[in-house]
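Worksheet: the structure to be examined is printed underneath.
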Amino acid sequence: MAKTVEDFQIVEDTDLEGIGKVHIDEVIEYVHTFKKLPAPLDLYARYLKQRWNVYDLDFTQDAVDWHEKMTEDERQAFIDISSGFHHGERQVEVDLVPFMMAGTEDEKIFVSSQIEDEARHTVFFDRFYKEVVGVPGETIMDVLDHSYQWLTETFVGPFGLLAYLADDLRQNPDDPHRRVKYSTLYHLWIEGVLALVVMKVTLGFGRDRGFLPAYYTGFTATCRDEARHVQFGMKFLYDSLKRDPSHQKDVLQVLQTIFNMGGAVSKVANTEPLGFDILQLRELMVGQLYRKLGIIGVELPKEMSQQLQSLEPVIAGG
Amino acid sequence: MAEFFSEAWAAEAKDAINNFPDDTYRETKLFMYWDWITAAKKTFNGSWAVGVRDLNRYVTFTFSDGVVTTAELSDEPPDASFVLAGDLATWRDVMDGYDAGKAVMYRRFRLDKGDVFRFFNRIYVFTESLVAMSKVPADLPA
Ligand SMILES: [Fe+2]
Ligand SMILES: [Fe+2]
């Protein structure tokens, strides 16, 4: 039976300590459970209730698990995946700014909260890298520079595209077509597809093995934050498409470029030591994509659905 | 050593892009990645200019069937399919080994002209060509 909003009351209301006990799959389902897509100010009110303090996390046990219990292969796989989030969070933090320059005043209020969320997610990874992995650095950028070595070169595709679309939007912040393209890449693809799927890998591992409790808590709280971001984006896209169906072309143009870039694979995704293979991940991503397209009412042309079956997604999120 | 963004440097940069990558570098990445780049290059018949903003120097590479056929120097932004420009400090870092993709992602290079989607449909052609250029020894202004 399909779950209802009431089934997710714990996910909705719990504090930081409580969210550390929730299963990640519950939080991913929570993203898609709503009576109707919430308005920006409802999401803003939820933000104020769900906001957590990244400095309340204590990484002491995580550092012990990391150095004494995890194998070298597990550590490397974990780092390869987390680095896609470490940088992904930073990119979605700084590149969201031009989107706040236009839209309704209600939307701007919500976006301000999302910028703060993404900044907090960046600090979360900064703390994880410094206090658990042991990466040196004084500033946020020192630590990012250090973890850059673990990204694949194909990270630059989607996240460079986001940076350039943000720059393009900055110059024409009111243009509805630019806003829809930007939101398709940002909310629908990076947050709604990549992040939600890849989050499962490190969180699933942490939960199954009982490792890294502060990471599990903070990253599950991050996933709950993503629910607000994704729902905001789906509402924005849904409303835009309803107002002007020609936006369908904008959505497909972005996805087509993502699919084209997704044919370039420079390294084999290192997820198997954590219990996931790339086929599983692709299937999850395809599922998440169709779910989002269903919500906003966009259908993929046949050639694009075929292309999707051989897509090699970037292991990252934001 | 050729002066940075001179005629001589542009000619060497063109050869470097055409002969890139060497075997050692090729082996650091999956063959699928290089196949993607070869295919993306082959279907690009247009021009790509790179520029140093504070020197007002640009080099336009013309691509035809996967090969760079000409490299032309100019002292103002050229009328190319894509113009990608950064300041001298960025180029200096890239010439010293700073990651070219990172310089793109952090917008240290900006797309001054050209369609963003068309550019990203071939993104790794451009980032790897920047890497190729960075291997050409050059005399940079102080
Ligand atoms: Fe987000
Ligand atoms: Fe985030």
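The values are calculated or read from the model by the stated rules, or taken from the named source; none is laboratory data. The structure displayed is predicted, hence computed values, not measured ones. Counting neighbours? That spans all protein chains shown, and the Cβs are built from the backbone with ideal geometry, glycine included. Note: accessible area is taken over every heavy atom of the protein model, side chains too, but ligands, DNA and RNA are not part of it. Shrake-Rupley method; radii C 1.70, N 1.55, O 1.52, S 1.80 Å.
For A:PHE99, the test of being in contact with a Gly (Cβ under 9 Å, 6 or more places away or on another chain), open to solvent by less than 10 Å² (accessible area, probe 1.4 Å), away from chain B (no Cβ under 14 Å) and at pLDDT 95 or above is failed.
The residue that is nearest to the other protein chains (Cβ to nearest Cβ), counting only those in segment B:8-25 that are modelled with pLDDT of 95 or more and in contact with a Phe, Trp or Tyr (Cβ under 9 Å, 6 or more places away or on another chain), is B:ILE17.
Listed conditions (1) farther than 30 Å from A:VAL265 by Cβ; (2) within 16 Å of ligand 2 (Cβ to nearest atom); (3) of a type outside the set (D, E, K, R) are all met by A:GLY192, apart from (1). Looking at this structure, is A:LYS49 at negative phi, of a type outside the set (Gly, Ala, Ser), outside any helix (DSSP H, G or I) and open to solvent by 50 Å² or more (accessible area, probe 1.4 Å)? It is false that A:LYS49 is at negative phi, of a type outside the set (Gly, Ala, Ser), outside any helix (DSSP H, G or I) and open to solvent by 50 Å² or more (accessible area, probe 1.4 Å). The set of residues in segment A:15-37 that are among the basic types (Lys, Arg) and under 19 Å from A:MET234 (Cα atoms) comprises A:LYS35, A:LYS36.
Taking the condition modelled with pLDDT of 95 or more, among the hydrophobic types (A, V, I, L, M, F, W, C) and closer than 25 Å to A:PRO136 by Cα, does A:VAL180 pass? No. Among A:THR222, A:THR257, A:THR217, which is the only one that is assigned to a helix (DSSP H, G or I), within 16 Å of ligand 1 (Cβ to nearest atom), crowded, with 17+ Cβ neighbours inside 10 Å and of a type in the set (Val, Ile, Thr)? Testing whether each residue is assigned to a helix (DSSP H, G or I), within 16 Å of ligand 1 (Cβ to nearest atom), crowded, with 17+ Cβ neighbours inside 10 Å and of a type in the set (Val, Ile, Thr) leaves just A:THR222. Applying the selection to segment B:92-122, what residues are of a type outside the set (Lys, Arg), farther than 24 Å from A:HIS146 by Cα and assigned to a helix (DSSP H, G or I)? Scanning segment B:92-122 gives B:VAL116, B:PHE117, B:PHE119, B:PHE120, B:ASN121.
Which pairs turn up if I take residues in segment B:57-83 that are within 20 Å of B:PHE20 (Cβ to Cβ) and open to solvent by 60 Å² or more (accessible area, probe 1.4 Å) and look for partners that are of a type outside the set (D, E, K, R) and not in a strand (DSSP E or B) with beta carbon separation below 8 Å, at least 6 apart in sequence or on another chain? Matching pairs, first to second residue: B:ASP65/B:ASN45; B:VAL67/B:ASN18; B:GLU72/B:ALA10; B:GLU72/B:PRO78. Of the residues that sit in segment A:167-214 and are among the β-branched types (Val, Ile, Thr) and within 14 Å of another protein chain (Cβ to nearest Cβ), which one is farthest from ligand 1 (Cβ to nearest atom)? Selected residue: A:VAL180.
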